[in-house]
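Asks: Pasting a structure below so you can have a look.
The values are calculated or read from the model by the stated rules, or taken from the named source; none is laboratory data. Source: prediction; values computed, not measured. As a convention, Cβ positions derive from the backbone with ideal geometry for all residues, glycine included, and neighbour counts pool all protein chains shown. For the accessible areas, the whole protein counts, side chains as well, though only heavy atoms, and no ligand, DNA or RNA atoms are used. Shrake-Rupley method; radii C 1.70, N 1.55, O 1.52, S 1.80 Å.
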Amino acid sequence: MAEKNLESLFHDTLKDIYYAERKIVKALPKMARGAKLPELKAALEKHREETEGQIERLQQVFEIFGKRAQGKTCPAIEGIIEEGEEILDEFKGAPALDAGLVSAAQAVEHYEIARYGTLKRWAEMLGMKDAAKLLDQTLSEEYKTDELLTKLADQAANQKAQAA
Ligand code: FE
Ligand code: FE
Ligand code: FE
């Protein structure tokens, strides 16, 4: 793929999110273990399971695209996960920990939403309808997770942080 066209952009971005999802699936259990609110713990655990399915969808997208599933270092997700680890560390035992964890998890979801939104459109343009559908399914899961996290912040985590 010598030409730097839409196809090569799609390929690079697919490798980027594949790398990112495999980092996320490893980071989520640590975040779930750290969470104090049972609803937040459950949400992070559920999303870890969903993420396994998302990785499988990406493998299917690589197959449709005719390339082997391969990751490419994503410095953005490494930084976002590192910030989450800082919160886990620095707010350990503090009432504000859950609010911090929600914010860290939402940074992950927002990065994913950006990537899947773009990839879905590019897949459509490249005539890969089935790939676009798979990417859209994951995009919906990321949106739903983000909405649930906002709800948990509004209903409990932020007040708990503020009351302290
Ligand atoms: Fe994901
Ligand atoms: Fe990236
Ligand atoms: Fe996600």
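Asks: Return one number: the angle in degrees, 0 to 90 and rounded to the nearest 10, between the long axis of the Cα atoms of helix 75-90 and the longest principal axis of the Cα atoms of the chain.
Replies: Tilt relative to the chain: about 10 degrees.
Asks: Still on this model: Using a 1.4 Å probe and counting only protein heavy atoms, arrange Arg57, Arg33, Arg22 so the residue with the most accessible area comes first.
Replies: So, going from the largest accessible area down, we get Arg33, Arg22, Arg57.
Asks: Then there's this: Mind checking which of Ala42, Ala107, Ala132 has the largest fluctuation in a GNM of the chain, springs on alpha carbons under 10 Å?
Replies: Ala42
Asks: Treating only the Cβ atoms of Lys and Arg (+1) and Asp and Glu (-1) as charged, compute the dipole magnitude of segment 88-164 about its Cα centre; round to the nearest 20 debye.
Replies: 140
Asks: How big is segment 6-163 along each principal axis, measuring the range of its Cα positions in Å and listing the largest first?
Replies: Its Cα atoms span 53, 26, 22 Å along the three principal axes.
Asks: Still on this structure, I have one more. For a quick check, take a GNM of the chain with Cα springs below 10 Å and name the residue from Leu37, Leu88, Leu149 with the largest mean-square fluctuation.
Replies: Leu37
Asks: Which far-off residues, 5 or more places away or on another chain, put their amide H under 5 Å from the one on Lys36, with H placed in the peptide plane?
Replies: So Lys36 has HN proximity to Asp98.
Asks: What percentage of the solvent-accessible surface of segment 36-164, computed with a 1.4 Å probe over protein heavy atoms, is contributed by carbon and sulfur atoms?
Replies: C and S atoms contribute 49 percent here.
Asks: Please give the Cα centre distance for segment 1-40 versus segment 102-152, rounded to the nearest Å.
Replies: The two parts, judged by their Cα centres, are 11 Å apart.
Asks: Roll a 1.4 Å probe over the protein chains and send me the accessible area per residue for segment 6-163 in Å².
Replies: 52
Asks: Once ligands and nucleic acids are excluded and a 1.4 Å probe is used, how much of Asp130 is accessible, expressed in Å² to the nearest 10?
Replies: Approximately 100 Å² for this residue.
Asks: Which net charge results when you count Lys and Arg as +1 and Asp and Glu as -1 among the other residues whose beta-carbon is under 15 Å from that of Glu78?
Replies: 0
Asks: How high is the relative contact order of the chain, given as a whole-number percent (alpha carbon pairs under 8 Å, six or more residues apart)?
Replies: 29
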